[in-house]
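Read-outs throughout are calculated quantities, based only on the coordinates presented, and are distinct from any laboratory measurement. Please read all numbers here as calculations on a predicted model, not as lab measurements. Because the Cβ atoms are built from the backbone with ideal geometry, glycine has one as well, and the counts that use them run over all protein chains shown.
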Ligand code: BMX
């Protein structure tokens with residue numbers, strides 16, 4: 001069975017025809033951040049128009065919170081979405097096929113559990129991206145709803161700001177801007193690799209915070225692995241930095257970190273599988 005799978009993130013949108021864990025066709029377009037969900041969906045419909053007869057159902061993974069087929073932002077700074085947007089109804093009406101919707105990181109956790117990471121029955125996925133998202137699989141079951149929204153955690157020492165606002169790609173870019181460099185997070189990493197200390201310091205602080213979060217996740221779920229994904233998490237050098245921040249820690253608390261085997265496709269592959277028959 002072939003599924004049309006869509007992944008709408010804070011920075012980019014992917015759409016793919018997926019069969020099992022195989023991506024048959026794929027397109028990637030920027031998410032027009034200010035345009036809103038009707039425009040994001042029309043853009044996908046337009047770009048995938050000639051795939052129309054090739055899929056039976058639709059899986060859609062999105063940044064944000066899914067409840068009863070409705071879509072809302074938890075942190076509008078990651079992506080601004082009207083409260084309780086009727087996502088499943090709109091997608092089903094636009095594409096004319098049965099639709100299943102899920103949070104992006106929850107979908108990615110499922111994709112890695114089914115086809116990527118070698119784990120037992122417990123796995124946590126952590127995406128470090130525009131925001132910071134997470135997905136939890138326990139006893140072979142994906143936890144849905146709010147579960148895994150680690151980017152929204154607040155640390156008592158850091159006031160009311162969500163954790164992701166001090167760690168994510170958006171934070172990295174805003175710190176760079178404060179240092180006089182109006183560039184995006186990926187470019188901050190390039191500068192760090194070229195030996196610019198200000199950039200290396202920002203990257204290191206982000207990786208340190210993400211590593212500390214992983215230690216806390218280990219205490220909550222004791223997963224076999226924590227799979228790291230997202231444009232920042234998968235950027236060259238970031239995972240090694242996270243590991244180096246964990247190196248002094250008691251082995252009892254130290255999580256096993258692995259890079260997402262499915263890379264940036266974990267979400268579309270997971271959403272397609274969840275949308276499949278009998279799920
Ligand atoms: C935010 C939240 C999560 C999402 C995560 C990563 C919103 C809009 N999103 O914590 O639902 O999983 O960002 O999102 O509240 P990404 O766009 O960076 O992949």
Check your understanding: Quick one: helix 104-115 against the long Cα principal axis of the chain, what's the angle to the nearest 10°, folded into 0 to 90?
Key -> 90
Review point. What's the angle, to the nearest 10 degrees (0 to 90), between helix 169-178's Cα axis and the longest principal axis of the chain?
Key: 50
Practice item. With both partners inside the chain, how many of the DSSP beta bridges are antiparallel, as a percent to the nearest 5? Key: 60
Practice item. Would you mind checking the tilt of helix 197-221 against the longest principal axis of the Cα atoms of the chain, expressed as 0 to 90 degrees and rounded to 10? Key: 70
Exercise for review: Translational diffusion coefficient, Stokes-Einstein: compute it for the chain using the Kirkwood radius over C-alpha pairs as Rh, at 10 °C and 1.306 mPa s, and state it as an integer in µm² s⁻¹.
Suggested key: 84
Exercise for review: Go through 9-16, 96-103, 44-51 and give me the packing order, highest mean Cβ count within 10 Å leading.
Suggested key: 9-16, 96-103, 44-51
**Study point:** Size descriptor, Kirkwood hydrodynamic radius, that averages inverse alpha-carbon separations across the stretch 21-68, Å
**Key:** 12.8
Practice item. Largest first and to the nearest Å, give the Cα extent of the stretch 126-232 along each principal axis. Key: 46, 28, 20
Study note, to complete from the structure: Projected onto their principal axes, the Cα atoms of the stretch 33-107 stretch, largest extent first, over whole-Å spans of 36, 24, 20
Revision key, fill the gap. Expressed in nanometres to one decimal, the distance between label points 7 Å along Cα→Cβ at residue 29 and residue 121 is 4.3
Review point. Using alpha-carbon pairs under 8 Å, 6+ residues apart, how would you state the relative contact order of the stretch 83-158 in percent?
Key: 24
Point to revise | Contact order relative to length of the chain, as percent, for alpha carbon pairs under 8 angstrom and 6 or more apart | key: 22
**Study point:** Volume per residue that the Cα convex hull of the stretch 47-169 spans, once the total is divided by residue count, Å³
**Key:** 136
